[in-house]
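To start, the structure under review is shown below, and the notes come after it.
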Amino acid sequence: MQLLSSPLVVLLLLIAVVVDAFSPTSLHSHAPHTPIKRPSENSWAGLRLQKRFQRSCEKLGWEQPTPVQSQAIPPISEKRDVWIEAPTGSGKTAAFALPILQKLASNEMDMFLESRSRRFVSVLVLSPTRELTIQTKDVFTKIHEASNMAQTERGKTELSIRAVYGGVSINPQLTSLQSGSDVLVATPGRLLDVVKNNGCDLSSVRFLVLDEADKMLSPGFVNEVEEVMSLLPAGCQKAVFSATFPFKVRPKVHKMLSEGYVKVGGEQAEGVEAGQGEEESPAPDIKHRALLVDEGKRTSLLKKLIEDSIYSRLLVFANTKYDCERIAKKLRTSGTVAVGLHGDLSQGARNQRLQDFKNREISVLVTTDVSARGIDVESLDAVVNFDLPRSPAEFMHRCGRTGRAGASGDAVSFVHAECSSHWDLIVKRNDLDVTVDEIEGFRNEQEWDALLDNATHLDSFGGIKSKTKKSKKDKLREAAAAEKKRTR
């Protein structure tokens, strides 16, 4: 008792009580000695999404975030620029749509409301194709509607989510933009037409998303994208997304992002912060199969795959608009419900054919690369590369139309003698595990030998074949023989 009454001991006890009272554990605990229950990081609550958006995810059947969503949503919410490289079908669209909608719902983008024009744009999403533009706009709309956002703090009953793209009249689009857009999804060419017609004010943009960024920063798009970016205000938050980033575009991405950006997936640049997460996005479950075939027998081989009922629904890629219609017509003569999809069609026809394919009213859609990026077709059995794409990166985007969101799928590539060297390049660049096979009656071995043993000539992609590359024939023979032996 005498010890406890000592002034020094009493002072020490008081200090201990005060320190304990103001410790983080005491401040945040609900009861003495009760451990804090933190939400799992692999949950929507763990990503600090508002309840309304957690409910949106539940309604849409998204039970938990994918790896890319777990890594991308926190830095976007913290107003950091992000560079996201993740496989096709990994949930990249929701990875930027969810935090953006939460920012809009929380009024985070209204800090400059007084200086904003009537034709304002708060969030701008740039996409390379009309189909992807429409699909991205639909994802934003579905999340927004499922969140039951009846009212925001500024009194609006709903957010304005709009899309502008070519192939249709610009006048209705200009009219829809007069009252402003919280989210505007656009192809860059049509967006610049809208700006020239005083249809929207890009100086009000607070957040830019560059979807399929490798395509957007390649020749054919980069000049338009740079013109759009020159119209944006300084300090605009940016996010770039794609499944592939070829070496040539990486410096452009690095240059456009602000200092301290976060990189998720792919190779990490020196001095750049890596996204935090328990795991990387898994590669899509796609089985790659190469069928050796004579160039002139590819349509017959495609018919056989369909007739044998190996696949109930196919997305077939050809390199020209003419071939799309030609192949589809030949399939229809044999009783297959097939149509072509390409840039010569009106936008209405393109939308209708894609929707009919999604609704299973069409069993085979023969398309150019307008459908190679971002298009989401639920439970697509397989992709067929009737023609090989010119770019190894584009090959991965094509094949990524199947095996999406955890499902499995097949990617079948027709390989004829004249494109065999290009096929080797695609396999090497993408580090593919490929089953090489052939179906009897569709390859003339003597003709292949003559082509592969021929004097130096150009293949169909401009690559040079030499007499010294005689091993090409041997490699193809050995791969086919090994596969047959394995499956006996």
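Coordinate-derived values only; no laboratory data. As the structure is a prediction and not an experimental result, all values here were calculated from the model. Virtual Cβ from ideal backbone geometry, glycine too; neighbours counted across all protein chains shown.
Residue by residue, the range 215-223 carries 3J(HN,Hα) couplings of 5, 5, 9, 9, x, x, 10, 4, 5 Hz when phi is fed to the Karplus relation 6.51 cos²θ - 1.76 cosθ + 1.60 (θ = phi - 60°); x denotes Gly or Pro.
Ordering Lys329, Lys321 by the number of other Cβ atoms within 10 Å of each residue's own Cβ, fewest first, gives Lys329, Lys321. Within the shell of other residues whose beta carbon sits under 14 angstrom from the beta carbon of Thr141, the net charge comes to 0, with Lys and Arg scored +1 and Asp and Glu -1. Taking 21 Å as the limit for the C-alpha separation, the pairs Lys137/Lys263; Lys51/Lys263; Lys92/Lys137; Lys79/Lys103; Lys215/Lys330; Lys248/Lys287 exceed it in the case of Lys137/Lys263; Lys51/Lys263; Lys215/Lys330; Lys248/Lys287. One Cα centroid belongs to the range 319-361, the other to the range 153-222; the line between them spans 28 Å. Residue by residue, the range 301-309 carries 3J(HN,Hα) couplings of 5, 4, 4, 5, 4, 6, 5, 6, 6 Hz when phi is fed to the Karplus relation 6.51 cos²θ - 1.76 cosθ + 1.60 (θ = phi - 60°); x denotes Gly or Pro. Computed from label points 7 Å out along Cα-Cβ, the spacing between Thr320 and Asp285 is 3.9 nm. Taking each residue as 0.36 nm, the span from Lys79 to Arg360 lengthens on full extension beyond its C-alpha to C-alpha distance by 97.0 nm. Annotation: amide H-H contacts under 5 Å for Val262 (H modelled 1.01 Å from N, sequence separation of 5 or more, or interchain): Asp81, Val82, Trp83.
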